Structures are given as structure tokens and as C-alpha cells.
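What follows is one structure encoded as C-alpha cells, with my remarks underneath.
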Amino acid sequence: MIRFESVTKRYEGGHEALREVSLELHNGEFAFLTGHSGAGKSTLLKLIALIERPTRGLVLVEGRNIGRLKPRQVPEHRRKIGIVFQDNKLMEDRPAFDNVALPLVIAGFNKREIARRTRAALDQVGLLDKERSTPRHLSTGEQQRVGIARAVASRPRLLIADEPTGNLDPELSLDIMNLFRRFNEVGVTTLIATHDLNLLEQLDYRRIELADGEVIDQGNIS
Amino acid sequence: MKTLTHYLSLHLRNCATALADLLAQPVATGLTVAVIGVALVLPASLHLLVQNGRVVVGGWESVRDFSVYLKIGTALENATAIADDLAAREIIDSVEVIPADDALEQFRSGFGVSELLDSMNSNPLPHTLVARPAEVATSAALTALEQEIRALPGVDQVRIDTEWVARLNAILDFLRRGVWIAAVMLVGAVIVTVGNTIRLDIQNRRDEIEICKLLGASNGFVRRPFLYIGLWYGVIGGIVALLLLGAGYLLLAPPVQRLTGLYGGGLELLGLDWVTLVAVLAAGILCGWGGAWSAVSRHLAAIEPK
């Protein structure tokens, strides 16, 4: 599903966020991306979503070298991936329903299908009764779940999440992780960046560990 | 087929959403639309003014008659003889003789100066010939004819009144060019106005645009709502301009009617014709769309998720 071959990412100004990173994530796998803050977790996810481009090396998603995609091919690539952001990136003044529906609107589904899939996604994260609430009126955990519902609404085969439990207490964090596990169980390849060690100890999955932009542990493929 | 229907329904939705967005902010929208309306109404009303001027002058252009004033004391028989001489020329269609007595009578009844005339011992007016040139007569030929007639015995003055008509025409041509210049400048102003409004709109919705791009929205998807907003600005601005033109017409028609009544009538103020109506609306739409396009192409590309 995802393959990195000697990928280096150097930002403008010279900071090297990733150095010669090689890794592979198989179809249907569930893996954590760990490491101290600044280790390069976010950069690695950004490369997958083509928010950043590699300086050197190959990034392959479903066998396609995405570093070669032209700017106008980027949107199509992003539509295939479900992304959960650390800061949610929700539209603050729109109800939960609109937020979850957005990727479906972008993908061009008709109105009925949008409503059906949006409600299904909200149902999966347990927020069906909050569809008219704006993020302002939702708790942090609920906001995060809206973000997850949005990421899975268009049923992507790949789900990536950047610190999805960053601001949550342990109990809520475990809830969120169980949500991701449920999606993984139906075949969605899932990669979650987190530095929440307590949480990781409760979950027995592959861990890819980064330190200073290099992979120091590939983890065991589960 | 399915994709086409889908594409159309997507545009329709964008179009409706854009209008709803505008109507949700009546004050801001009203101000922008008023600026567009006024900017469009200026060249349009100038154009109508020139148009009306041309009709008035056109009415006078056919009046190419010229007058030949004979010397005071010329016998009426001599006047008739000169008239016959003129009428015999190919360049002249017809000649009418206005005897001095008739002219005096006309003058007396028409201008309210009978007392002044009564105090005079003799008729101060000469016999007059009014000649109508043939259609084919060129102005050069008429000028030559004027010289010739002036030299005839008994002729005092020859007056060809078509010159000022030509001058007025020249003024109208000048004004017409002025309309074009005004139109180009004001269209530019509208494009800048819409562009700036859309630019602010883009800034206000920066987060939303960034989120859309993160979720895989194409540039077209992000661009479309703003283009439709620009389009609606243009449409509503155009309608405002047309309403202003209509109001101006209603205000001006009665005094113009009175004025032309004083000049013997026959003139009607030209209202809005279809061509102008369509042109104003089309200009509005083009300006709105153009302004939105210029803003969108400059500012949207700059919003890239980091």
C-alpha cells in the first residue's frame, strides 16, 4: 500500500526532517508511527498526502510514484486517502453534518448519497444525534470524532492520522483508537502517528519508530 | 450522460449557494451592487443621451432648404421670375415664394410683435424664396449654387442653414467617443471593485479553502463558488443600472415632452432599447465574472495547505 525508498525531505532553510527513510506498509495493515516530537512523523504523513514532496527518494502509494504527480493530479490522489489532522481542521461555523459531507461533495456524490454516507459515518463515530451542532458546541473528543467521520465518509482504503488523541484524556484516547481498529477490521490500511506511550502499551500493533528523521525500528508486521 | 447531469447539478448548486451567500449579507452586497450599478449607468445614460441627440439632429438633417432674401423693394414679379429661374435648375427640386406681405402676416401672428410692426410705416421684410435642393445635391454643389444665386440681380442674402447641423453632428460624434472612453474606464472600475470584494471574501474563507484543498478539492472546485458570486454581483449590478436608467427616463420624459411641445412637437424621448438593455446586463455579467476571475486566479493559488 505504502512504500518509502530512501526518502529524504529537506525543508527550505536546510532542516532535514527525514533522512533516507525506507519502510513498507502492507495492504490492510494497522501501524503506529512513533517517536519524539520533531522526529519527522508529521512530515512522513504529509509526504503520503502530498502536502509535501520528497527532496530525494521514492514515495509509492498503491504502487504509484506520487512524487511524480503533477499539481493538478494531487487532488485526485488526496481524495483516495482519509486524513485525520491533529488540529481537526474542521469548518468552525458549519454543522457536523456539513463537515463530514465535505469530502463527499468534493468527490461529486449526489445529494441523497451524500446524506446517506454522511449519516453512516456519523453513526460509526456515535455522533448521529449531533449532526446539527457546530464544532464550537462540541467537546474536544467529539470534534476529533467528527474529523474521523469525515476521514472515513468517502470510504478510503488508506487512513492516516496525525496525533488523533493529542488533546484527549486516556479513556477518550482509547475510544478513538478502538474506532480506528474497527475501520481497520473492515480492511482499511491505517497509519497513526502518536507519541502517547501509555496508549501504545495497551495496544499490540506494529510500531514504526522514528528518531531525528531516521527509522530506528521498523516494528514487527502484525 | 450521468457525469454531465452531475456536472450541471453541481454548477446549479454552486450558483444557488452563491446567491444565497450574497443575500445573507444584504448591506455588504447592496453596497457593492450599488457601485456596480452606478458605474454601469453612467456610460449607458450617456449613450442614450447621444442616441436621442442623433434622432433630434436626424430630424433636422432632412431640412436642407435654404432661403434667398431679395432686396427690399424688389417687385413681386421679379421675385417670381427669379424663383422660376431657380426652379428650372436640375439641382433644385422646388421653390416657394413667400411674398413680403405674407411674411409680415406670419411674423405678426407668430411672434407677438404686432405693435412694433404697426408703428412702422412700411413693411421691413423682403420677399423670400425658399428653395429645396434635390436629394442628389452635394454640399459642394450647394456652396457653388449659393455663390451663383448671390450674384443674381435683386438678391440680397442667401442663407443655407445646414452648417450648424453638421457642427452638432460633429459634437455628437465627439460625445459618442466620450461614451466609449467612459465605458472602458468604468468597466475597469467595476472589475477592480468586484475583484477586491472577492479578494476579501477569499481571505475570510481562507481556512475553509485550505480544508477543501486538503480533502482533495480541485482548483476548479474551490474557484467555482467565487466565480458565481462575481457573476451574481454583475447580474444584480446590471439590474440596478437598468432600474436607475428607467427611473431617469421617467423623470426626464415629461419635461422633454414639454420642451418639444414648445418647439412644435414631433420628438419623443427614446427610452431603453433592447440592445442597450442586453448590453448593460452583459457588461455587468462580464465585469462580475472578470473581476472574480482576476481575484481568484491571483489569490487562490497562494492558499496551499502546509
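The values are calculated or read from the model by the stated rules, or taken from the named source; none is laboratory data. Fair warning: this is a prediction, and the values are worked out from it, not measured in the lab. Virtual Cβ from ideal backbone geometry, glycine too; neighbours counted across all protein chains shown. Just so you know, the surface numbers come from the protein's heavy atoms only, side chains and all, with ligands and any DNA or RNA stripped out. Shrake-Rupley method; radii C 1.70, N 1.55, O 1.52, S 1.80 Å.
Some notes on this structure:
- Options B:A170, B:G291, B:F66, ranked by Cα towards positive dipole end of chain B, top entry (Cβ charges): B:G291
- For the pair B and A, the buried accessible area comes to roughly 1700 Å² in total, with a 1.4 Å probe and the value rounded to the nearest 100.
- 10 Å Cβ neighbours from other chains, averaged over peptide A:73-81: 4
- For A:L18, the residues 5 or more places off, or on other chains, whose built amide H falls under 5 Å of its own are A:K9.
- Accessible area per residue was computed with a 1.4 Å probe on protein heavy atoms; B:M120 scores about 80 Å².
- Legend: mean number of C-beta atoms from other chains within 10 angstrom of residue C-beta atoms, peptide A:96-107, equals 3.
- Candidates A:R79, A:R206, A:R132, ranked by Gaussian network fluctuation over chain A, Cα under 10 Å, top entry: A:R132
- Taking the 1.4 Å solvent-accessible surface of segment A:131-222 as the whole, the part contributed by carbon and sulfur is 42%.
- All aspartates and glutamates inside 15 Å of A:K130 as judged from Cα atoms, apart from same-chain residues fewer than 8 positions distant: A:E92, A:D93, A:D98, A:E142
- Helical content of chain A, expressed as a calculated mean residue ellipticity at 222 nm, amounts to -10500 deg cm²/dmol (DSSP H runs of 4 or more residues, -39,500 (n - 2.57) each, divided by residue number, nearest 500).
- When A:S173, A:S22 are compared by accessible surface with a 1.4 Å probe, the order from highest to lowest is A:S22, A:S173.
- Å² of accessible area per residue within the protein assembly as shown, as computed with a 1.4 Å probe and no ligands counted: 53 Å²
- Within the shell defined by Cβ-Cβ distances under 9 Å, the residues around A:L18 carry a net charge of 0, with Lys and Arg each +1 and Asp and Glu each -1.
- Solvent-accessible area assigned to carbon and sulfur over segment B:64-161 amounts to 50 percent, based on a 1.4 Å probe.
- Candidate aspartates and glutamates - alpha carbon under 19 Å from A:K80, same-chain residues fewer than 8 apart omitted: A:E24, A:E29, A:E52, A:E62, A:E113, A:D162, A:E185, B:E210, B:E304
- Each part reduced to its alpha carbon centroid, segment B:185-239 and segment B:291-306 end up 9 Å apart.
- For segment B:1-46, accessible area lost to neighbouring protein chains reaches 50 Å² or more, against the chain alone with a 1.4 Å probe, at B:R13.
- With the simple spin-label model, which puts each label point 7 Å out from Cα in the Cβ direction, the A:S133 to B:D21 separation comes to 2.8 nm.
- Intensity falloff of segment A:92-156 expressed as log10 I(q)/I(0), Debye formula with alpha-carbon point scatterers, at q = 0.12, 0.24 Å⁻¹: -0.23, -0.93
- For the residue pairs A:K46/A:K70; A:K41/A:K111; A:K9/B:K213; A:K9/A:K70; A:K46/A:K111; A:K70/B:K306, alpha carbon separations beyond 27 Å are given by A:K41/A:K111; A:K46/A:K111.
- What the Cβ-Cβ distance of B:W180 and B:A247 gives, at R0 = 30 Å and to the nearest 0.05, is a FRET efficiency of 0.80.
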